[in-house]
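Take a look at the structure set out below.
The values are calculated or read from the model by the stated rules, or taken from the named source; none is laboratory data. No experiment lies behind these values; they were computed from the predicted model shown. In this analysis, Cβ positions are derived from the backbone assuming ideal geometry, glycine residues included, and neighbour counts consider all displayed protein chains.
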Amino acid sequence: MNARLARLVLRRIGAALCSLLFVVVAIFALTAALPGDVADMLLGQNATPDATQALRHALHLDQPLWLRFMHWCGGMLHGNAGNSLLTGRPVSEMLAPRLYNSLLLAGATTLVAVPLALVLGLACATWRDSVFDRVMTVLTLGIVSVPAFLIATVSVFVFAVQFRVVPALSDIRSIHSVGQFFLTFAMPVATLASITMAQMIRMIRACMIDVFSAPYMEMAVIKGVPPVRIMLHHALPNAIGPVANAIALSLSSLLGGVVVIETIFNYPGLAQLMVDSVMSRDVPIIQACTLLFCMTYLFLTTLADIVALASVPKGRGA
Amino acid sequence: MRGGRAPYGKAGALGRRQALRLAGAGLFAATLPARAVRAAGAQDPQPRRGGHLNFAGLAASTADTLDPARFALATDYIRGHMFYDGLVMLDAEMMPHPALAERLESDDLQTWHITLRRGVTFHDGAALTAADVVYSLARHKDPAVGSQQRVIAQEMADIQAVGPLDVRVTLRGPNADFPSMLGIVSFSIVRNGTTDFSQANGTGPYTCTEFTPGVRTSGQRNPDYWRSPAPWLDSVDMIGISDDMSRHNALLSHDVDIIASVNPRLVRLLRTRGFGIMESPVGTYTDLAIRLDEGPGRSQDFVTGMKYLFNREQVRDSVFLGFARMGNDQPIPPEHRYFAADLPQRPFDPDRARFYLRRSGMMETGVPLVCSPAALASVDIAVVLQYAAQQVGLSLPIRRMPADGYWTEYWMKTPMGFGNTNPRPSLDMTFALNFASGAPWNESRWRDPRFDQLLLAARAQRDEAVRRQIYHDMQVMIHEGAGICLPAFTTSLDAFNPRVRGLAPSQAGQLMGFDFLSHVWLDDAAGGAA
């Protein structure tokens with residue numbers, strides 16, 4: 001690896017860190033701007049002004065904002081995200097099992113979605129305007145346009161209620177064998193994969209068609225290079241950058257953006273935890289979750305950018 | 001006051017002192033009837049022991065708790081009944097019966113002597129003592145605990161252990177309904193000194209095997225339960241599914257055996273597929289509160305006009321699809337033993353409404369109706385009301401607020417806003433907390449010194465007939481004076497797989513007053529639903 005590429009990569013990582021810093025401040029400001037706090041939410045309809053004030057004092061919520069921000073930043077630097085205001089347990093302890101669940105679901109979806117999307121996207125681009133391409137276009141546009149909850153609810157109704165082949169709820173505890181693993185994850189993974197795949201296929205197809213229109217591709221065809229070789233040796237290397245970006249964008253929402261899926265299958269993941277915490281104003285958890293989602297997003301997009309940088313011969317200085 | 005009745009003389013004649021003297025003359029111990037609580041589902045022949053039940057409630061979040069003081073939702077109350085017991089339990093008619101307390105006695109209705117049941121043990125094996133009871137009750141008064149029932153708990157001025165199994169509670173004033181108050185699940189008994197509620201250590205029918213907030217609560221039969229032979233089930237899993245469709249699908253696919261809060265639109269579908277529906281006549285109501293201290297509500301004519309604008313039949317039949325009982329602008333539901341049945345039902349009368357509204361001079365106020373999904377069905381009720389208002393020439397803009405933060409930001413803070421109130425164990429509590437002049441949740445800011453006097457009089461009254469009369473008149477006063485428009489009482493709908501037996505409706509709340517898990521049993525011979 002040469003110095004020029006290293007510099008570009010470092011600059012990209014530096015930009016990511018700056019974004020992270022901005023996100024940290026933004027998270028704190030936004031959670032502070034939420035109407036009401038955990039004391040209001042805990043007491044709810046049964047609140048009286050003095051009871052709320054007393055509870056607020058007991059939870060140290062009456063400290064000034066900057067002081068709480070300092071405490072929080074100080075804690076984060078030591079790897080301590082604080083305690084949940086609601087349960088009093090450490091944030092890390094509450095996050096860990098949810099993160100595991102979310103990673104499991106996101107991982108399974110990625111394993112299914114990425115290879116399938118690549119193959120189908122490339123096939124669409126290769127046989128552009130064929131019957132296959134048209135059918136795929138209609139299918140992918142259709143799936144992208146239908147909201148996730150509808151796909152999930154209808155498939156639960158068909159496969160779990162009518163045919164009773166899979167459970168309606170995805171209960172991780174019930175998994176004791178590989179078969180059960182597939183049954184439990186079949187529905188949520190299928191729903192999530194179909195949505196992310198649809199996006200990826202559309203974007204991969206567009207990138208590839210873009211590359212196909214380049215003069216050197218025409219040259220390769222005229223030379224009589226077989227189609228598979230054109231695809232893998234001439235087109236794909238030149239499309240890796242945009243394709244990696246398309247995949248990263250689709251995957252980055254899998255951790256935090258699947259509230260609907262988690263709700264419908266009653267799957268205890270991070271997104272659900274985040275929504276709960278916003279509802280109850282459990283600020284330390286909101287902050288930790290948001291930070292985690294932002295970091296995932298930044299990690300994936302930065303990774304895609306680095307892949308793109310590394311794949312461009314000009315960037316490599318060759 | 002109209003509707004004032006003979007038993008206690010002319011209007012305004014009954015002072016607080018007189019009422020107390022009356023009660024003092026009795027000088028008998030107000031002892032709770034010791035009759036055993038009716039085994040639920042007596043129609044079912046032979047309850048069978050064993051099996052595992054899956055239950056899905058309406059909500060699960062990280063706010064789920066095992067701390068009785070923080071119980072806020074129906075799922076919390078169910079969890080509470082799973083692992084804990086109170087001193088008192090409420091039956092299907094909301095009558096208090098002794099539970100962990102063997103006897104509750106008082107000579108003056110102010111100092112109560114509680115004798116605890118002998119031989120009750122916590123899940124960790126420790127015996128129940130007076131110290132546990134003192135701790136469990138007194139902690140509600142500590143603001144740092146964040147108790148939902150702090151206002152009510154403050155009625156207990158002094159709580160002391162006077163023997164290993166004897167507790168003396170001194171109230172701030174006489175209150176014959178003190179036993180009912182102890183029937184609130186939040187006043188369940190925990191071990192003395194408990195501050196960590198990540199596990200439950202109670203005396204209840206199940207021991208806690210797993211508790212993950214927002215995910216699951218699991219329990220196993222407590223073999224040493226004092227109400228033996230209950231519970232019948234070996235183990236129970238409780239989850240929360242907030243999505244309506246998913247919750248119903250989970251029942252239809254047999255993933256769960258019971259679901260709470262059935263959508264009225266799906267009742268027929270569930271019935272045709274062989275599932276059972278339980279309708280519980282709980283006294284929950286959604287009301288429009290018109291503040292009497294600001295805005296158009298300062299005109300009594302405006303309030304009266306608005307009350308005539310409610311098309312209660314339409315609210316019951318189209319908003320609640322018939323699963324509700326009509327309200328009469330006072331908070332006591334028709335099935336309650338103290339319900340003022342002779343109070344004429346206020347009709348939907350656009351002509352009279354127009355007359356009163358015109359006379360109030362408030363036709364052009366433009367004050368909005370504030371509603372929110374947080375207050376059950378209030379958005380739909382607001383639309384029904386808006387339509388009726390249009391017919392009489394009153395323009396009522398609707399402002400729909402998000403559920404999130406509604407109770408702290410909007411409720412009771414706008415001239416006209418909707419609220420939602422759950423039934424309380426006694427009329428005294430309903431009146432004292434929601435309608436008395438100084439009540440913390442007096443939605444319409446209605447003030448009537450005579451109402452306050454009657455409230456105190458009823459508390460100190462042992463004579464059932466006199467109490468009934470007082471409560472009757474208080475309902476009439478609210479019906480006529482308060483700024484509360486109460487169109488309907490909701491019915492709680494819960495659905496179950498036919499193999500679940502022993503369920504019976506209760507006025508005390510959803511699913512047998514949240515206590516169904518110590519009553520139900522599984523009949524696997526019954527065959528599943530389609």
Note to self: Filter segment B:222-244 down to the residues that are buried (at least 18 other Cβ atoms within 10 Å of the Cβ), closer than 21 Å to B:Thr75 by Cα and more than 25 Å from the chain's Cα centre (by Cα) and list them by number.
What the structure shows: B:Asn222, B:Trp232, B:Leu233
Note to self: Tell me whether segment A:266-284 contains one or more residues that are farther than 30 Å from A:Arg68 by Cα, modelled with pLDDT of 85 or more and crowded, with 20+ Cβ neighbours inside 10 Å.
What the structure shows: yes
Check: Taking segment B:88-104 only, how many residues are in contact with a Phe, Trp or Tyr (Cβ under 7 Å, 6 or more places away or on another chain) and among the β-branched types (Val, Ile, Thr)?
Finding: 0
Next item on the list: Please list, ordered by first then second residue, the pairs with beta carbon atoms under 6 Å, 6 or more apart or interchain, first in segment A:300-313 and charged (D, E, K, R), second outside any loop (DSSP other than H, G, I, E, B) and crowded, with 16+ Cβ neighbours inside 10 Å.
Entry: A:Asp305/A:Arg12
Note to self: If I go through segment B:199-250 residue by residue, how many of them are at the interface with chain A (Cβ under 10 Å from one of its Cβ atoms), part of a loop (DSSP other than H, G, I, E, B) and touching a residue at least 40 places away in the same chain (Cβ under 8 Å)?
What the structure shows: 5
Note to self: Looking at segment B:115-131, can you tell me whether even one residue there is assigned to a helix (DSSP H, G or I), touching a residue at least 24 places away in the same chain (Cβ under 8 Å) and out of contact with any Phe, Trp or Tyr (no Cβ under 8 Å at 6 or more places or on another chain)?
What the structure shows: yes
Notebook entry, point to check: Quick one: which helices (runs of 4 or more DSSP H) sit completely within segment A:201-288 and have at least 2 residues that are more than 12 Å from every other protein chain (Cβ to nearest Cβ) and not β-branched (Val, Ile, Thr)?
Noted result: A:215-223, A:236-256
Margin query: Suppose the filter is assigned to a helix (DSSP H, G or I) and within 20 Å of A:Val278 (Cα to Cα); does A:Leu55 pass it?
Written below: yes
Notebook entry, point to check: For segment A:134-178, how many residues are surrounded by fewer than 18 Cβ atoms within 10 Å (Cβ to Cβ) and not aliphatic (A, V, I, L, M)?
Noted result: 14
Next item on the list: Considering only residues that are within 14 Å of chain B (Cβ to nearest Cβ) and under 25 Å from the mean Cα position of the chain (by Cα), look in segment A:55-95 and name the one that is farthest from B:Lys141 (Cα to Cα).
Entry: A:Leu95
Note to self: For segment B:138-154, which positions are without any contact (Cβ under 8 Å) to a residue 60 or more places away in the chain and crowded, with 20+ Cβ neighbours inside 10 Å?
What the structure shows: B:Arg150, B:Ala153
Margin query: Looking at B:Asn442, B:Asn420 in this structure, which one is out of contact with any Gly (no Cβ under 8 Å at 6 or more places or on another chain) and farther than 19 Å from B:Val319 by Cα?
Written below: B:Asn442
Notebook entry, point to check: In segment B:188-199, which residues are at pLDDT 95 or above, under 25 Å from the mean Cα position of the chain (by Cα) and not polar (S, T, N, Q)?
Noted result: B:Ile189, B:Val190
Next item on the list: Could you tell me whether any residue of segment B:75-84 is within 20 Å of B:Leu233 (Cβ to Cβ), among the hydroxyl-bearing types (Ser, Thr, Tyr) and modelled with pLDDT of 95 or more?
Entry: yes
Item checked: Tally, over segment B:345-366, of residues that are assigned to a loop (DSSP other than H, G, I, E, B) and in contact with a helix residue (DSSP H, G or I) (Cβ under 9 Å, 6 or more places away or on another chain) -> 9
Check: For segment B:367-381, which residues satisfy the criterion of being outside any loop (DSSP other than H, G, I, E, B) and closer than 21 Å to B:Phe355 by Cα?
Finding: B:Leu369
Note to self: Against the condition touching a Leu at 6+ places or on another chain (Cβ under 6 Å), touching a residue at least 12 places away in the same chain (Cβ under 8 Å), within 14 Å of chain B (Cβ to nearest Cβ) and surrounded by 15 or more Cβ atoms within 10 Å (Cβ to Cβ), how does A:Arg98 come out, does it pass?
What the structure shows: yes
Next item on the list: Residue by residue through segment B:406-433, note down the ones that are closer than 21 Å to B:Gln469 by Cβ and of a type in the set (S, T, N, Q).
Entry: B:Ser426, B:Thr430
